[in-house]
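Peer 1: Below you will find the structure I want to go over with you.
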Amino acid sequence: MASYSLQLFHLFALILISTTFSNAQTSSRPRTLVLPVLKDGRTQQYLTHINQRTPLAPVKLSVDLGNRFLWINCEDSGYVSSTYQPSQCGSPECVFVRSSGCSTCYSSPKPGCNNNTCSVYAENIITRVGTGGEFARDVVTLKSSSGSVVTVPNILFTCGAKNIVKGLASGVTGMLGLGKDRVGFPTQLAVSLRFDRKFAVCLSPSTKSNGIIFFGNGPYISQKLTYTPLLDNPVSTAAIFVRGEHSIEYFIGVKAININGKPVLSINTTLLLIGKRGGGGTKISTINRYTTMETSIFNAFTNAFIKEAGTIGITRTASVAPFSACFTSKTISVPNIDLVLQSQSVYWRIVGRNSMVDVGNNVHCLGFVDGGLNPETSIVIGAYQIEDNLLEFDITASKLGFSSSLLLHKTNCAKVALTSKI
């Protein structure tokens, strides 16, 4: 199976390179591309924009680590482009993406409505709504880390229907899927421009200062990263998938949780493993606002945190939904949380800025939420916990690099973005 998948990837690479790289408009091959990311104050979604089509038009997108690829609402966005190319049924890219069927259009041809084109499922993971859409390709431009504009002529995406954008931030017309799918946005850029299949995300907590996404080769910051393997989940975590598909989301192997260096006891470690049927494990999300934990893990973790907080004189107060453990203090110093990975010496440290949520009236709550008794994934590391952390997703090497909080190094994601010419 692995050999067959590799052969398919090489086939896709040859197809995409032959139609894209030869036409890429840049004076020299870029090492790194960059996109700004800004948190929306109303929805707390992380937004970016690309320029797409001919003539170029700005496209506002919600960033989703767990989505297969780029999809855009073509019905309401006034999609007009002379370089739009729908993918014909039976074409290599349709076979490669496992198209769900052929489309027939009963009106005049336009983007999203052409005959004999393949249909691919697009999902809004926020609302869990999805729809089939026309698979197509068009021009996209991004900036390089040197400040030059790079044009990539044949980026594949799904041209979706208007109902799929419900629940997204104002002005957003699609989602930028960063999953490790074979036609995921990071992989397409890597294949087209012949740089490494990896990207890095640095989210700013501010609604006024940009964070950043890097595509391609690092280093992205001067601080050294710690690395842990990215794990394969043998069962897709998408709402709709083809039997046998693996998850395209990013899972890591959390073995234990420590609070101020003390292990959280009574955790059923079986839940921390990815099962043969795909359940369990730990994944990273930009859509989940706060980290969720399976109920028994959450209870053990929360009780241990409350106990440790009590030893350093923090006063507990009434819960504030959706949080269970809240504390009162004008200034608060809290225990460190360590997600222990492949060994006790390798851990992702979550400090107060990423563990505590200010809910007003001098009350701070532990920013973790009960995920229920039988969640699909035991721990989902939410966006609040990864703000001002730099995460490098190396798809080729199947490893995650992480900085822990950049605040510990006297910098943050807004400063990283400012120095990166976005």
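The values are calculated or read from the model by the stated rules, or taken from the named source; none is laboratory data. Treat the numbers as computed from the prediction; the structure is a model and nothing was measured. Positions of Cβ are backbone-derived with ideal geometry, glycine not excepted, and every protein chain shown enters the neighbour counts. Each accessible area value is taken on the protein alone, full model and side chains, heavy atoms only, with ligands, DNA and RNA left out. Shrake-Rupley method; radii C 1.70, N 1.55, O 1.52, S 1.80 Å.
Peer 1: With the requirement that a residue be open to solvent by less than 30 Å² (accessible area, probe 1.4 Å), within 28 Å of Ile306 (Cα to Cα) and acidic (Asp, Glu), what does region 366-422 give you?
Peer 2: Glu387, Asp388
Peer 1: Would you check which residues across region 296-316 are in a helix (DSSP H, G or I) and hydroxyl-bearing (Ser, Thr, Tyr) and list them? Break it down into steps so the answer makes sense when it comes.
Peer 2: Our first condition is that a residue be in a helix (DSSP H, G or I); within region 296-316, this holds for 296-311.
Hits for region 296-316 are Ser296, Thr302, Thr311.
Peer 1: Given the criteria touching a Pro at 6+ places or on another chain (Cβ under 9 Å), among the hydroxyl-bearing types (Ser, Thr, Tyr) and not in a strand (DSSP E or B), does Ser247 qualify? So that I can check it myself, show each step before the final result.
Peer 2: Values: touching a Pro at 6+ places or on another chain (Cβ under 9 Å): yes; among the hydroxyl-bearing types (Ser, Thr, Tyr): yes; not in a strand (DSSP E or B): yes.
Judged against the criteria, Ser247 is a match.
Peer 1: Can you tell me which residues in region 149-184 are at pLDDT below 95, of a type in the set (A, V, I, L, M) and either in a helix (DSSP H, G or I) or open to solvent by less than 10 Å² (accessible area, probe 1.4 Å) (or both)?
Peer 2: Scanning region 149-184 gives Ile164, Val165, Val183.
Peer 1: Tell me which residues, restricted to region 234-246, are over 28 Å from Gln44 (Cα atoms) and either surrounded by 14 or more Cβ atoms within 10 Å (Cβ to Cβ) or modelled with pLDDT of 90 or more (or both). Show your work before the answer.
Peer 2: So the first thing to find is which residues in region 234-246 are over 28 Å from Gln44 (Cα atoms), and the list is 234-235, 242-246.
Residues satisfying the conditions are Pro234, Val235, Glu245, His246.
Peer 1: Something else: In this structure, is Gly261 of a type in the set (Gly, Ala, Ser), surrounded by fewer than 18 Cβ atoms within 10 Å (Cβ to Cβ) and more than 27 Å from Ser204 (Cα to Cα)?
Peer 2: Values: of a type in the set (Gly, Ala, Ser): yes; surrounded by fewer than 18 Cβ atoms within 10 Å (Cβ to Cβ): yes; more than 27 Å from Ser204 (Cα to Cα): yes.
For Gly261, the condition - of a type in the set (Gly, Ala, Ser), surrounded by fewer than 18 Cβ atoms within 10 Å (Cβ to Cβ) and more than 27 Å from Ser204 (Cα to Cα) - is met.
Peer 1: A further question on this structure: Counting only residues that are polar (S, T, N, Q), crowded, with 17+ Cβ neighbours inside 10 Å and over 18 Å from the mean Cα position of the chain (by Cα), how many does region 185-214 have? First the steps, then the outcome.
Peer 2: Of region 185-214, the ones polar (S, T, N, Q) are 187-188, 192, 204, 206-207, 209-210.
Within this subset, residues satisfying the condition of being crowded, with 17+ Cβ neighbours inside 10 Å are 187-188, 192, 204, 210.
This time we only want the ones that are over 18 Å from the mean Cα position of the chain (by Cα), so: 192.
Residues meeting the conditions: 1.
Peer 1: Test of understanding: among Glu308, Glu294, Glu245, which residue is out of contact with any Leu (no Cβ under 8 Å at 6 or more places or on another chain) and either touching a residue at least 60 places away in the same chain (Cβ under 8 Å) or not assigned by the TED database to the domain that holds Gln385 (or both)? Step through it out loud before you land on a result.
Peer 2: Values: Glu308 fails: either touching a residue at least 60 places away in the same chain (Cβ under 8 Å) or not assigned by the TED database to the domain that holds Gln385 (or both); Glu294 fails: out of contact with any Leu (no Cβ under 8 Å at 6 or more places or on another chain).
Result: Glu245 is the single residue among Glu308, Glu294, Glu245 that is out of contact with any Leu (no Cβ under 8 Å at 6 or more places or on another chain) and either touching a residue at least 60 places away in the same chain (Cβ under 8 Å) or not assigned by the TED database to the domain that holds Gln385 (or both).
Peer 1: Within region 84-100, restricting attention to residues that are of a type in the set (Gly, Ala, Ser) and modelled with pLDDT under 90, which residue is most open to solvent (accessible area, probe 1.4 Å)? So that I can check it myself, show each step before the final result.
Peer 2: First, the residues of region 84-100 that are of a type in the set (Gly, Ala, Ser): 87, 90-91, 99-100.
Subset that is modelled with pLDDT under 90: 99-100.
Details: Ser99: 39, Ser100: 90 Å².
The extreme case among them is Ser100.
Peer 1: What is the one condition in (1) open to solvent by less than 20 Å² (accessible area, probe 1.4 Å); (2) in contact with a strand residue (DSSP E or B) (Cβ under 6 Å, 6 or more places away or on another chain); (3) of a type in the set (Gly, Ala, Ser) that Gly278 does not satisfy?
Peer 2: (2)
Peer 1: Spot the failing condition for Ser146; the list is (1) touching a residue at least 60 places away in the same chain (Cβ under 8 Å); (2) among the small types (Gly, Ala, Ser); (3) surrounded by 23 or more Cβ atoms within 10 Å (Cβ to Cβ), and only one is missed.
Peer 2: The single condition Ser146 does not satisfy is (3).
Peer 1: Another question, then. Working only within region 295-313, note down all residues that are open to solvent by less than 50 Å² (accessible area, probe 1.4 Å) and either of a type in the set (A, V, I, L, M) or within 11 Å of Val334 (Cβ to Cβ) (or both).
Peer 2: Ile297, Ala300, Ala304, Phe305, Ile306, Glu308, Ala309
Peer 1: Step by step: first the residues of region 40-73, then only those that are within 22 Å of Val129 (Cα to Cα) and of a type in the set (D, E, K, R), then the one that is surrounded by the fewest Cβ atoms within 10 Å (Cβ to Cβ). Which residue is that?
Peer 2: Filtering first and then ranking leaves Arg42.
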